[in-house]
Amino acid sequence: MDVLIIYQFCTFGGVERAVLNRARTLKKHGLEVTISVGYLRDFGALRSFQDYIRAHELDDRLSAFLIAEDSFPDPADYDLVLNIDTPQIFKRTRTAKNIYVECHTPYIENRQYLQTVPKNTRGIIVPSESFRALIESEFPHLPPVFVLPNPVSDEFFNIQPFSKFDFFSKHPIAYFARLDKLKNFAEAVKVFELLSSSDEIMFLVIGNGAEDKLNSFEEKGLLGKTLFRDRLDFDLAPALVDLVRRHRGIFISPSKGESFGLSAAEFISGGVPVMLSDIPAHRELVNHDERFLYPLGEIKTAQARITDLMENWETMHGLMTSYSAKFKGDAFINAWKKLAASGVE
């Protein structure tokens, strides 16, 4: 089966990681699927995406390229076409009989395009049941909505340490996401401040613009125990998870909205305990276990629960290993087979 995925920009974000995880999972399960990913713009991540493809020997089943204005791919050349949050191409695909629209964006303003989905769209694809319920409540007249859950590739479950050397003498609290209002970075910083008096804790902040926060962290007295990084190549995400795990750390996401929560799922798959805002997508990830959730805005609750996770780290690590079973690929493969069957005339 030949599949075309179109996405408006290539970044170091969750959509790109989801596509890479899909390709590896399809290969692992022996499905003969070739995926071509066409981007409208490159925001500096395309080379890293292509490097990952080569490094993991996915060249025969996954390729990525920029779509030129005068050479738009012909949907008829593919068995299945998946448009991920890219309404700019609706006019170019209005006659295609094999096209689905994938909605991954947690930003409500960015998914208003669902009001104008062309009539030839065979269905809407979302990554979680909670997100399906959300968009069906927001847009009651959509085509059929399919859930295609994000898999997590084996490299997160079977992380091999890149060295036996421990880099830090403290336990890291890791934030790995955009530093904006929806991802709620400001609340993460408030939690950091509550935890900063502990000599056993440090903070990792990874996301575009992280290094711009140096001055504000210095003003809050957090700079001396925080490591910043603006971007992380796709190949280094498992190493980050391993680094946090080997130092008995915690992953934190205070996000106000998620369509799935792939970063959290990858840390969970690596056995790293998580502290997540209590929103529908996050509840799905941790099987509604309140020990890994806190109500938005209740930063003292987040502080107390992180402290509990630290004190009971081995037990919580074991729970993460148990909860991660649903990310190993079976659910994705079953959903993919149903989707592929529905997309064939």
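The values are calculated or read from the model by the stated rules, or taken from the named source; none is laboratory data. Nothing here was measured: the structure is a model prediction, and the numbers come from that model. Cβ: placed from backbone, ideal geometry, glycine included. Neighbour counts: every protein chain shown.
Numerical summary
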read-out	value
Hey, S130 within 15 Å of G261 (Cβ to Cβ), polar (S, T, N, Q) and under 19 Å from the mean Cα position of the chain (by Cα) or not	yes
Looking only at segment 184-203, and only at residues there that are among the hydrophobic types (A, V, I, L, M, F, W, C) and either modelled with pLDDT under 95 or within 15 Å of S169 (Cα to Cα) (or both), the one that is surrounded by the fewest Cβ atoms within 10 Å (Cβ to Cβ)	I201
Spans of helices (runs of 4 or more DSSP H) in segment 291-345 with at least 2 residues closer than 30 Å to A186 by Cβ	299-311, 313-323
Where K181 falls short, out of the listed (1) buried (at least 16 other Cβ atoms within 10 Å of the Cβ); (2) touching a residue at least 60 places away in the same chain (Cβ under 8 Å)	(1)
Some residue of segment 156-174 being touching a Leu at 6+ places or on another chain (Cβ under 7 Å), more than 30 Å from Q115 (Cβ to Cβ) and of a type in the set (V, I, T)	yes
Filter pass, P295 being free of Cβ contacts under 8 Å to residues at least 60 places away in the same chain and over 18 Å from G249 (Cα atoms)	yes
Exclusive hit being within 30 Å of K225 (Cα to Cα), touching a Ser or Thr at 6+ places or on another chain (Cβ under 7 Å) and assigned by TED's automatic domain parsing to the domain that holds E284, set F168, F185, F192, F176	F176
Residue match in segment 300-320 (condition: free of Cβ contacts under 8 Å to residues at least 60 places away in the same chain, over 20 Å from P106 (Cα atoms) and under 21 Å from the mean Cα position of the chain (by Cα))	yes
Conditions (1) in a helix (DSSP H, G or I); (2) in contact (Cβ under 8 Å) with a residue 60 or more places away in the chain; (3) over 30 Å from E136 (Cβ atoms): number failed by R283	(3)
Index of the failed condition, D77 passing every other in (1) in contact (Cβ under 8 Å) with a residue 60 or more places away in the chain; (2) out of contact with any Leu (no Cβ under 8 Å at 6 or more places or on another chain); (3) surrounded by fewer than 16 Cβ atoms within 10 Å (Cβ to Cβ)	(2)
Looking only at segment 98-155, and only at residues there that are small (G, A, S) and under 27 Å from D330 (Cα atoms), the one that is surrounded by the most Cβ atoms within 10 Å (Cβ to Cβ)	S153
Residue among E102, E129, E136, E109 that alone is over 22 Å from D235 (Cβ atoms), in contact with a Leu (Cβ under 6 Å, 6 or more places away or on another chain), at pLDDT 95 or above and acidic (D, E)	E102
Residue tally, condition under 19 Å from R246 (Cβ atoms), charged (D, E, K, R) and in contact with a strand residue (DSSP E or B) (Cβ under 8 Å, 6 or more places away or on another chain), over segment 165-201	2
Of the criteria (1) surrounded by 17 or more Cβ atoms within 10 Å (Cβ to Cβ); (2) closer than 22 Å to L195 by Cα; (3) aliphatic (A, V, I, L, M), which one A304 fails	(1)
Candidate set: segment 235-269, residues that are modelled with pLDDT of 95 or more and among the charged types (D, E, K, R); chosen: the one farthest from L134 (Cα to Cα)	E266
Some residue of segment 56-73 being assigned to a helix (DSSP H, G or I) and either in contact with a His (Cβ under 7 Å, 6 or more places away or on another chain) or at pLDDT 95 or above (or both)	no
